[in-house]
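Structure record follows, encoded as structure tokens.
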There are 2 protein chains.
Amino acid sequence: MNFSKTTGYSLTILTYMVNHSGENVSADFLHSKLGIPYQYLRQILTKLSKTGFIVSSRGRKGGFELTRDVSTIYIADIIGAIEGLEGFNTCILGFQECPFNNKCSIHNILDEPRANILKILKQTSLEDLIIK
Amino acid sequence: MNFSKTTGYSLTILTYMVNHSGENVSADFLHSKLGIPYQYLRQILTKLSKTGFIVSSRGRKGGFELTRDVSTIYIADIIGAIEGLEGFNTCILGFQECPFNNKCSIHNILDEPRANILKILKQTSLEDLIIK
DNA sequence: ATTAAATGCTATAAGGAGGTATCATTTATG
DNA sequence: CATAAATGATACCTCCTTATAGCATTTAAT
């Protein structure tokens, strides 16, 4: 019922970076700060770089940096880029077609709170995560 | 962000059975009604049987039946028996320890709606799923 | 120039979830 | 009694996620 570990890592990385904005951070540094397995962290940073959330610079003194305006990056965007948001739009029981012809009582009970979470994720930007 | 497919199958099976209470149903019959892969369905039925949600009878005319009072079986009980409820009590980012010393903004944003879902799951019994 | 420190890329492994297949056992029915 | 129809149990396979490892390339500092 949670996000994938990779999504959690991604949100953690970006949350850390937004709270240390303007700094160029290396994978090694993030590893020491966040405890995410080094090689896996590298892969995630590459993915975040390719999906445009951060930019990388190579060579000594290289690293990663937030560039886009953090007020325009929403949590839902990040989750969407990493594990996708399909889970919010499809049957919570995992079916292509509801075996109860869409009369399924479990849908009635859970669809609203689930939509509520998605709404929050779409409204909350990285800027909102800055610790004041 | 959804339940496991196995949990979905389990809820589907029990929801079907509660709407056909008193009937003894076979795995083959449920397979034809719900479209869950036969052999996998068998495994799940065994698990639901071992965890006490249903009872099985063997031999020809054998099958499965609900026995407990369906008003005392809560959705959360079922989810707990199949995939566990740890997901609701642990860090939504998947960490043992919050890398932000429990000041993590994402927790602040998602903890309440997540707790709300758990509350609903704990309050809703199989009886509430009966289609009238 | 050489070296150190960084990312880019790619191959591989471990583990769990979902799914398949088979044999053994039980029981009702002709 | 023999057979059919059902569950019990178990082994296996595939795919995806998570994790590990190593080589290639780039760049700053000495």
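Every read-out reported here was derived from the displayed coordinates using simple, explicitly stated rules and does not represent laboratory data. Source: prediction; values computed, not measured. Quick reminder, even Gly has a Cβ in these numbers, built from the backbone with ideal geometry, and neighbours come from all protein chains shown.
Computed FRET efficiency, Cβ-Cβ of A:ASN24 and B:ASP111, R0 25 Å: what is it to the nearest 0.05? Walk me through the numbers before you get to the answer.
Details: r = 32 Å, r/R0 = 1.29.
FRET efficiency, A:ASN24 to B:ASP111: 0.20.
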Protection proxy ranking, peptides B:74-85, A:108-119, average beta carbon neighbours within 10 Å, highest first
B:74-85, A:108-119
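What is the mean projected area of the alpha carbon convex hull for the stretch B:5-129, to one decimal in square nanometres? Show your work: numbers first, answer last.
Numbers: hull surface 34.9 nm².
For the stretch B:5-129, the mean projected area of the Cα convex hull comes to 8.7 nm².
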Most mobile of A:HIS31, A:HIS107, A:HIS20 in a GNM of chain A (Cα contacts under 10 Å):
A:HIS107
Would you mind checking the tilt of helix A:5-18 against the longest principal axis of the Cα atoms of chain A, expressed as 0 to 90 degrees and rounded to 10?
50
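Here are some pairs, A:LYS132/B:LYS122; B:LYS5/B:LYS122; A:LYS33/A:LYS132; A:LYS5/B:LYS119; B:LYS47/B:LYS122; which of them have Cα atoms lying more than 26 Å apart in this structure? Intermediate values should be presented prior to the final figure.
Working: A:LYS132/B:LYS122 36 Å; B:LYS5/B:LYS122 20 Å; A:LYS33/A:LYS132 20 Å; A:LYS5/B:LYS119 24 Å; B:LYS47/B:LYS122 21 Å.
From A:LYS132/B:LYS122; B:LYS5/B:LYS122; A:LYS33/A:LYS132; A:LYS5/B:LYS119; B:LYS47/B:LYS122, over 26 Å: A:LYS132/B:LYS122.
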